[in-house]
Amino acid sequence: MRKITYQSIPGKGRGVVATDAIAAGELIERSPVIPLAHADSEKPGLSDYAFAWGEDVPGFEAGTECAIALGYIGLYNHAKPSNVRLERHYAENE
């Protein structure tokens, strides 16, 4: 059962909210990504949605330094401190 949904948050736009309690360490979502070059990620329409992907991994394939995530990743709160953690699975592009 999915424990999250997205909704409009007054004064902030769309965001993900919990619909049920989520235990510490519980997987919230696993989303595929579309890797792309940093230069492409800076183009209008993509720059607000791209995030770092592999730029700090030795020997990572050039031209895939950023990614566009499918799913809700772009709608999660990015506050510090965060109450969730993002794990990148490079081999699976997730």
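Rounded to the nearest 500, what is the 222 nm mean residue ellipticity of the chain from helices alone, with -39500 (n - 2.57) per DSSP H run of 4+ residues and division by all residues?
-500 deg cm²/dmol
What are the lysines whose alpha-carbon lies under 24 Å from the alpha-carbon of LYS43, with same-chain residues fewer than 8 places away excluded?
Once the sequence-local lysines are set aside, what remains near LYS43 is LYS12.
Using a 10 Å cut-off on Cβ atoms, rank the peptides 8-18, 33-43, 70-80 from the highest mean neighbour count down.
Taking the mean over residues of other Cβ atoms within 10 Å, the ranking is 33-43, 70-80, 8-18.
Which whole-number percent is the relative contact order of the chain (Cα, under 8 Å, 6+ apart)?
Once normalised by length, the contact order is 29 percent.
Take ALA18 and TYR6, extend 7 Å from each Cα along the Cα→Cβ direction, and tell me the distance between the two endpoints in nm.
Taking the two extended label points, one gets 2.1 nm.
Please name whichever of ALA62, GLY13, HIS38 sits farthest to the positive end of the charge dipole of the chain, dipole taken about the Cα centre and charges placed at Cβ: Lys and Arg +1, Asp and Glu -1.
Ranked along the dipole, the leading option is GLY13.
Could you tell me whether the stretch 23-76 comes out rounded, prolate or oblate from its Cα gyration tensor? Rule is a ≥ b ≥ c as square roots of the eigenvalues, rounded for a/c under 1.5, then prolate if a/b exceeds b/c, otherwise oblate.
Oblate is the answer for the stretch 23-76, as a/c is 1.5 or above yet b/c matches or exceeds a/b.
Rule-based calculations on the coordinates, nothing more; no lab input. The model shown is predicted, which means the values in this text are computed figures rather than measured ones. Heads up, the Cβs are rebuilt from the backbone with ideal geometry, glycines too, and the neighbour counts pull from every protein chain shown.
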